[in-house]
1. Of the cross-linked pairs A:Lys85/A:Lys118; A:Lys118/A:Lys166; A:Lys19/A:Lys118, which ones have a Cα-Cα span greater than 24 Å in the structure shown?
2. Can you tally the net charge around A:His135? Count Lys and Arg as +1, Asp and Glu as -1, for every other residue whose Cβ sits under 13 Å from the Cβ of A:His135.
3. What net charge do the residues around A:Arg28 carry, taking every other residue with its C-beta under 11 Å from that of A:Arg28, with Lys and Arg at +1 and Asp and Glu at -1?
4. At a Förster distance of 51 Å, what's the computed FRET efficiency of B:Ala210 paired with A:Ala158, Cβ-Cβ distance as r, to 0.05?
5. From the phi of every residue in segment B:117-122, what ³J(HN,Hα) in whole Hz does the Karplus formula 6.51 cos²θ - 1.76 cosθ + 1.60 yield, where θ is phi - 60° and glycine or proline is x?
6. Less than 12 Å Cβ to Cβ from A:Ala146, Lys/Arg counted +1 and Asp/Glu -1: what total charge do the surrounding residues give?
7. If Rh is defined by the Kirkwood formula over all Cα pairs and Rg also comes from Cα, what ratio Rg/Rh do you get for segment A:111-179?
8. Measuring from label point to label point, each 7 Å out along Cα→Cβ, what is the A:Asp27 to B:Leu169 span in nm?
Amino acid sequence: MTDLEKIERARNGDQRAFKALYDENVDRIYRLTYRMAGDDDLARDFTQEAFVRAYQRLDQFRGDAAFSTWLHSIAVSVALNGLRKVDRHRKRERSLEDAAHLVRGREPVEPDLKDRIKEAVDELPEIYRTVFLMHDLEGFSHGEIAASLDVAEGTSKARLSRARAKLRERLGDAMQEYV
Amino acid sequence: MTMSDERNDRLWDAVRGEYHAPPETPSGEMWDAIVPRLGGAEGESEVVDLTAARVRKAQKSSRWMGWSAAAAAVLVMGIGIGRMTAPVSPGEGVPVVASTAGSTLSFAARETLGRSETLLTMVRADVQAGRVDPAVATWTLVLLSETRLLLDSGIEDESVRELLEDMELVLVQLVGVMGGGDGLTDLQRSEIELALQGMSDRQVLPRIQAMMPQNPVLFGT
């Protein structure tokens, strides 16, 4: 059965057809949202929300792009919006932690490679970070990224190049120590 | 492959291994959580049915202003009675009046919450369709004013007050981004979705539905 046939059946209430679409795509969606969020609960929430929204909007899917691409665009949108909200809370928490450190006095700690990688990737601007995660960590093609983010392929390539340059700048010396 | 390429490859391998490396996909557990939200053949769905929402919207749009006028009258009466009775010292007969004021306010609050529920359902459906009816912005403003009036009127029921406060927050967010034609910019859409997500996180709609008496004709739900 093709994706379009499954979608047509799912539109008519055939849950098994939607389950088949789910099975084909869930791994990639979960992996991507986990890469973006770094948290199992959030990744589960974003994945579930993406599939529920896709189901709600099946009537809007016209088949111009692959179903997976359409689903990725929903998942990325859900994850980015969710993370912006979470970030606001985290920033508030960090402010409180920083204030506590100021009171107690902070002990300098040399970050290990994992921490440095996390810090460097987290500090990438969202538009670079998303492309980097999709392309270099999860193997999305520039065509898929461009369709998911609604940008030109050239834009996707330029953002990836910029993200890599920033990471090389931040992590180059750490890698020399690491090797 | 040059030294530089090799170094870059090692760098990306390290990032791939160290940055938010995903565990095994909990496919079955997530599907179990998704299924109830898809709704069954019997129509027990929480999913917003766009077609149904459009039909409801078309039916309700024409009578919206009438409902608003009636609601405003009830609201003013409730608040008026509440304010008139508030300073009176306790005495014989007062509990009856206070009770009347309280129930009138409570009625007005539930009525406003009922219409807010309808509005938010319509906004959610509209956002999914990439547009918002310009009239909805006006209705949102009206409901925000009513909600604030009710909050200022000293509603004693804690659960109703909390719901009104949550509703006020959602409506303020919506008023802030609506307007400027019926098309939505990406930013507007994103902000509205965030407001609706916050509403969903706080379980606003289920709490309203739990509070509503079983009289859909009276409350327009």
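Derivation of every value follows stated rules applied to the coordinates shown; laboratory data play no part. Every value quoted in this text rests on a predicted model; they were computed, and no experiment measured them. Cβ coordinates were reconstructed from backbone atoms using ideal geometry, including for glycine residues, and neighbour counts include every protein chain displayed.
1. On the way: A:Lys85/A:Lys118 20 Å; A:Lys118/A:Lys166 13 Å; A:Lys19/A:Lys118 35 Å.
Pairs exceeding 24 Å: A:Lys19/A:Lys118.
2. Value of the local net charge: +3.
3. Working: positive: A:Arg31, A:Arg35; negative: A:Glu24, A:Asp27, A:Glu138, A:Glu144.
Result for the neighbourhood of A:Arg28: -2.
4. Numbers: r = 51 Å, r/R0 = 1.00.
My answer for the efficiency is 0.50.
5. 4, 4, 4, 5, 5, 5
6. Working: positive: A:Lys157, A:Arg159; negative: A:Glu144, A:Asp150, A:Glu153.
Summing Lys/Arg as +1 and Asp/Glu as -1 gives -1.
7. On the way: Rg = 12.8 Å, Rh = 12.5 Å.
Rg/Rh: 1.03.
8. Label-label distance for A:Asp27 and B:Leu169, simple model: 4.0 nm.
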